[in-house]
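Every number here is computed from the coordinates shown, using simple stated rules; none is lab data. Source: prediction; values computed, not measured. Every residue, glycine as well, gets a Cβ built from its backbone with ideal geometry; the counts of neighbours run over all protein chains shown.
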Amino acid sequence: MDKKSLRFRKGLDEMPSYDGVERDYRIKVNANESTMNLPPLVEERVMNRLYFVAFNRYPNEEYYSLVEQIAGNFSVRDEQIILGNGSSEIIEKVFHTFGGEGNKVVFPVPSFSMYKIYAKAAESQAVPFELDKKFDVDVEKFIRTVKESQATLAVICNPNNPTGNALTVDALEKIASSIDCAFLIDEAYVEFYGHSAFKLVAKYPNVIVARTFSKAYGMAGARVGYAIANADVARMVGKSFMPYHMNTLSLAAADIVYQMRDEFTPRIQMTVAERKRMIERLKKIPALEVFPSQTNFILIRHEKAEALKNYLESVDIGVRYFSPTAQGLKNCLRISIGVRTENDEVFKVISDWLNQS
């Protein structure tokens with residue numbers, strides 16, 4: 001068949017793409033991953049659990065075991081928990097659930113770049129809400145935007161990626177109580193912030209809180225996430241998933257990790273301490289703008305950001321550089337927090353290069 005005669009879905013060619021190609025840097029601090037694998041005791045328990053996995057069975061037991069654990073931890077009903085392949089899949093399904101032709105979705109920019117793609121895939125109209133120069137959300141203005149656009153879905157990433165800052169739970173409650181559409185709070189980095197909005201779900205049936213195992217729990221490769229929502233909302237979002245959409249291996253591993261989540265507390269505390277230390281050190285470099293962060297990464301701005309990124313790559317250190325066309329992120333670099341030795345080397349390379357430039 002002639003390739004020209006193939007009929008692709010209308011609009012697919014115009015879909016924006018997410019660049020997921022990764023290089024194996026010597027120091028890899030470009031993807032907001034944990035730079036450490038599972039704690040040894042957790043890894044041992046995970047491997048033992050995987051030994052007993054029934055590969056010939058669909059993942060019912062593993063799925064509901066993880067659901068029960070998460071529901072028990074948050075004191076909610078099992079029916080309020082949604083599982084997905086990373087919180088990204090759940091967010092995509094929320095966009096599909098509340099999107100569709102003629103429906104509008106409001107989300108901040110700059111924020112998680114996939115929101116724009118999810119809106120397009122759901123055939124919704126994206127309504128980007130521009131953050132101020134400090135990347136803060138004007139809450140009253142955000143509420144007005146949601147109302148005036150008659151949006152069916154509003155989204156806040158909290159803490160925000162890639163800027164690192166966060167709204168208070170009170171500010172999120174102000175939004176939840178003031179809008180009459182679905183309100184998704186993306187808490188991918190909340191463990192590094194310490195202030196979750198999950199209790200708002202009980203007060204406001206429009207609130208959905210999404211989380212992931214990829215960041216604080218170091219399971220980016222396993223692709224496991226979850227959300228807490230009103231039971232009726234969770235049921236409707238669940239209709240967007242295919243049967244058995246998650247695999248037994250990831251579910252079994254996540255079940256053990258969640259049982260042993262206290263083992264990750266020292267690592268989270270270390271990451272927070274290193275983030276604070278790195279911010280203070282970077283602030284002392286002239287002409288380098290360092291933004292506040294409540295995450296496992298830091299956003300910086302410098303007029304020679306692209307050249308600095310190229311130099312870091314030349315010494316096999318990977319950071320995230322944002323193109324000049326990325327709204328609000330011109331001359332910005334995002335640096336994930338690694339272990340102390342990695343952070344020290346990243347700082348030294350940046351400091352030495354900027355001092356010599």
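Table for the structure above
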item: Packing-based ranking, highest mean first, of 77-88, 105-116 given that Cβ atoms within 10 Å are counted; result: 105-116, 77-88
item: Protection proxy ranking, peptides 57-67, 261-271, 336-346, 280-290, average beta carbon neighbours within 10 Å, highest first; result: 336-346, 57-67, 261-271, 280-290
item: Rounded if a/c under 1.5, otherwise prolate or oblate - the stretch 168-242, Cα gyration tensor axes; result: oblate
item: Within the stretch 268-297: backbone nitrogen closer than 15 Å to the LYS134 label point (7 Å, Cα to C-beta); result: 290-294
item: Under 16 Å from the MET260 label point (7 Å along Cα→beta-carbon), backbone N, the stretch 46-64; result: 46-53
item: Prolate/oblate/rounded label for the chain (Cα gyration tensor, a/c 1.5); result: rounded
item: Prolate/oblate/rounded call for the stretch 305-355, Cα gyration tensor, a/c under 1.5 rounded; result: prolate
item: Highest-MSF residue in the chain out of LYS133, LYS199, LYS309 [GNM, Cα springs under 10 Å]; result: LYS133
item: Packing rank of 119-127, 242-250, 293-301, where each peptide gets the mean count of other beta carbons within 10 Å, highest leading; result: 293-301, 119-127, 242-250
item: Centroid-to-centroid separation of the stretch 308-322 and the stretch 231-251 [C-alpha atoms, Å]; result: 38 Å
item: The chain - mean residue ellipticity at 222 nm from DSSP helices (-39,500 (n - 2.57) per run, n ≥ 4, rounded to 500); result: -12000 deg cm²/dmol
item: More than 22 Å apart - percent of Cα-Cα pairs taken over the stretch 96-216; result: 28 percent
item: Cross-link pairs beyond the 32 Å C-alpha cut-off, checked among LYS10/LYS134; LYS276/LYS309; LYS104/LYS134; LYS116/LYS203; result: LYS10/LYS134
item: Computed P(r) (all Cα pairs; the stretch 222-265; 10 Å bins; percent); result: 22, 42, 31, 5
item: Rg over Rh [alpha-carbon atoms, Kirkwood Rh] for the stretch 54-138; result: 1.11
